[in-house]
1. Keeping to the stretch 117-152, report how many residues are touching a residue at least 40 places away in the same chain (Cβ under 8 Å), closer than 20 Å to G232 by Cβ and not hydrophobic (A, V, I, L, M, F, W, C).
2. Give me a count of the residues in the stretch 171-192 that are small (G, A, S), surrounded by fewer than 20 Cβ atoms within 10 Å (Cβ to Cβ) and in a strand (DSSP E or B).
3. Can you name every residue in the stretch 193-237 that is of a type in the set (G, A, S) and part of a helix (DSSP H, G or I)?
4. Which strands (runs of 3 or more DSSP E) sit wholly inside the stretch 62-170 and have at least 3 residues that are open to solvent by less than 10 Å² (accessible area, probe 1.4 Å)?
5. Residue pairs, Cβ under 9 Å, 6 or more apart or interchain, first in the stretch 91-107 and under 15 Å from L56 (Cβ atoms), second part of a helix (DSSP H, G or I) and small (G, A, S). List them.
Amino acid sequence: MGTLTTRVRVKRRATVLGGVVALALPLVVAGGGTAQAAASCNLTTGPYQRQAEQFLGRPVDGKQSAADCTAIRSFQAAHGITPTQGYAGPLTWQTMSTMLAQRAAGSTPNRAGECPVNRGRIACVDLTRQLSWIQDGAALKYGPVPVRTGKDGTETRTGLKKIYYRSIDHWSTLYDVSMPYAQFFDGGIAFHSTTKSMWNPPGSGGCVNMRLADAKAYWNLLGKGEDVYVYGRKPGT
């Protein structure tokens, strides 16, 4: 999210071909680690211990071990979940649950028909599953891909929008950050790439954050005046 202050990039990015893109989720750490790493872990059994063990491919016994803690802490560190102590608490499980919902979407993210199929090309944003994709009618053109939307207090607003401004090498004067491949569709809210994990809590300032390759693909598949439909509610907001 940011103001419309733009810098010009010398070369346009190469066109990204459409098509279904598999949802890439991070590698899961199975466990292990040094005695020093285990010593710095929280060895308390968390309320979501069994769920975390199953998600991470650990032996499921519902009891925290040093190896469990190391695996959970590695997951937390990869996605900026704090405190990064290996405790299987609500925020860690919420992040894992979102990933499971994203995996379940497969290649049919609009199975429930919540994103309009009667408007031609449209970018869909499902806040509940933190997913986005591009469809043309009922045909999936790109995605689904994980996104990082607005946090509690700066939620990404729902409804039918239109892309009204594009800036390939945008700079936000509000947040003093780069917003590559920015496509604004609701005031200062835009699709744009970020270097943060898509599962990094609590979320953005309202924008739909994307991985670089996905933001680039959206830039090449969408244009000014095309529709964006945002629906659902982000967990934790």
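The values are calculated or read from the model by the stated rules, or taken from the named source; none is laboratory data. This structure is a prediction, so every number in the text was calculated from the model and none was measured. Cβ: placed from backbone, ideal geometry, glycine included. Neighbour counts: every protein chain shown. Please note that ligands, DNA and RNA were not included when accessible areas were found on the heavy atoms of the full protein model with its side chains. Shrake-Rupley method; radii C 1.70, N 1.55, O 1.52, S 1.80 Å.
1. Looking only at that region, the number is 15.
2. 1
3. Of the residues in the stretch 193-237, the ones of a type in the set (G, A, S) are 193, 197, 203-206, 213, 215, 217, 223, 225, 232, 236.
Result: A213, A215, A217.
4. Working: elements: 121-126, 131-136, 139-146, 159-162.
Strands (runs of 3 or more DSSP E) meeting the threshold: 121-126, 131-136, 139-146.
5. T92/A52; W93/A52; M96/A52
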